[in-house]
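Everything below concerns the one structure shown next.
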Amino acid sequence: MSKYHLPAGTSADGPYDLLVTPESAGWGYSGLRILTLKPGEAHALSTGDSEFLVLPLTGSCTVTTDGSVLELTGRTGVFASVTDFASLPRESEALISSAAGGRFALPSARTGRSSLSARYGSKEDVPVELRGAGACSRQVNNYCLPGTFEAEQLLVCEVLTPGGNWSSYPPHKHDQARTDDDGNPVESELEEIYYFEVSGGENGFGYQRVYGTEERPIDVLAEVRSGDTVLIPHGWHGPSIAAPGYDLYYLNVMAGPGADRAWLICDDPAHGWVRSTWDAQDIDDRLPFAAEETD
């Protein structure tokens, strides 16, 4: 399990609180860095063969790249609101600077394509979705998914789960490209990273489950705390469980080899029936988080 559960600080490297590359994860595409800048500090980022987002977790920053200056207003915290963000293409140089300091997620995806330039993503354009119902209610901030923001390979969203609720449920997977009998795509191949933050300071915690098939086994049941990361190379993943009293946040980063950038999942047949129960339940009235800021 230790190969896939990275407790906070165990994968720090240089300026990064977390550094996950395709090489360190043992796969081909998905990456994530968490960068903390003190007031007045700056960090030079070379994107190399990957495209990146600059996504503020707390604080604001300026991203200077290829003659463009992108001002990110950011936010006070992951439970406070959605945020604006910047998108950086492969083979580019960027300077990330923060006058007041902050923490910034840098999701990435290795790609051989370079048809896009550096761009700004407005918080007002981020679709906020309330998914599930009852104890499966959660909020999804759809930053960089097909239909919400254009990218080459990268898919990024945030999930916020009120204390006591389950998300990433029913368990699902996206580890092989499959079509139905009519040739329609029903599942895409994507590597996934879960990066967690939990309310309640050092006492906050949750749980993450990952399990495989007989052909491709994997077995993870991790207690997660703020700054922890779980890698999902394949297999069913979920539930993500928020302990009562502690709200759970996770950043999802996905990428894969498909020529089409698609997020197609299939539920574990043993648990998919749970979706049919949601019609008779209300969405948790604690959602959305910070409704006055995410509307």
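The values are calculated or read from the model by the stated rules, or taken from the named source; none is laboratory data. Because the structure is a prediction, the values reported are computed rather than measured. No Cβ is skipped: glycine too gets one built from the backbone with ideal geometry, and neighbour counts run over all protein chains shown. Note: areas computed on protein heavy atoms with side chains; ligands, DNA, RNA excluded. Shrake-Rupley method; radii C 1.70, N 1.55, O 1.52, S 1.80 Å.
Assuming a ≥ b ≥ c are the square roots of the Cα gyration tensor eigenvalues, decide whether region 113-195 counts as rounded (a/c under 1.5), prolate (otherwise, with a/b larger than b/c) or oblate. Oblate shape, in that a/c is at least 1.5 and b/c is the bigger or equal ratio. So which residue, out of Ser226, Ser199, Ser115, gets the largest mean-square fluctuation from a GNM of the chain using Cα contacts under 10 Å as springs? It is Ser115.
Assign one of three labels to region 42-138, namely rounded, prolate or oblate, based on the Cα gyration tensor with a ≥ b ≥ c the square roots of its eigenvalues; rounded applies when a/c is under 1.5, prolate when it is not and a/b is larger than b/c, and oblate otherwise.
oblate
Structure remark: mean-square fluctuation, Gaussian network model of the chain, C-alpha springs under 10 Å; the largest value among Ser276, Ser114, Ser137 belongs to Ser276.
Rounded to the nearest percent, how much of the accessible area of the chain (1.4 Å probe, protein heavy atoms only) is carbon and sulfur? If you can, show how the numbers build up before the last one.
On the way: 6150 of 12330 Å².
That fraction is 50 percent.
The figure for Arg119 is an accessible area of roughly 50 square angstrom, using a 1.4 Å probe on the protein chains alone.
Where only protein heavy atoms count, and the probe is 1.4 Å, what is the accessible area per residue for region 230-292 in Å²?
Working: 2900 Å² over 63 residues.
Per-residue value: 46 Å².
Using a 1.4 angstrom probe, figure out how much accessible area region 1-67 has per residue, in square angstrom, rounded to the nearest whole.
Ligands and nucleic acids excluded, the result is 43 Å² per residue.
Between Ala42 and Thr179, the modelled labels are 5.0 nm apart [label points 7 Å from Cα along Cα→Cβ].
Calculated from DSSP H runs of 4 or more alone, at -39500 (n - 2.57) each and per residue, what is the 222 nm mean residue ellipticity of the chain, nearest 500? Display every interim value, and only then the final one.
On the way: 2 runs with 8 residues, N = 295.
Mean residue ellipticity at 222 nm (helix-derived): -500 deg cm²/dmol.
Each 5 Å bin, from zero up to the one with the longest distance, holds this percent of the alpha carbon pairs of the chain: 1, 6, 12, 17, 20, 18, 14, 8, 3, 1, 0, 0. Result for the chain in a Gaussian network model with C-alpha springs under 10 Å: among Glu91, Glu51, Glu191, the largest mean-square fluctuation is at Glu91.
Solvent-accessible surface of region 102-187, taken per residue with a 1.4 Å probe and all protein chains present: 37 Å².
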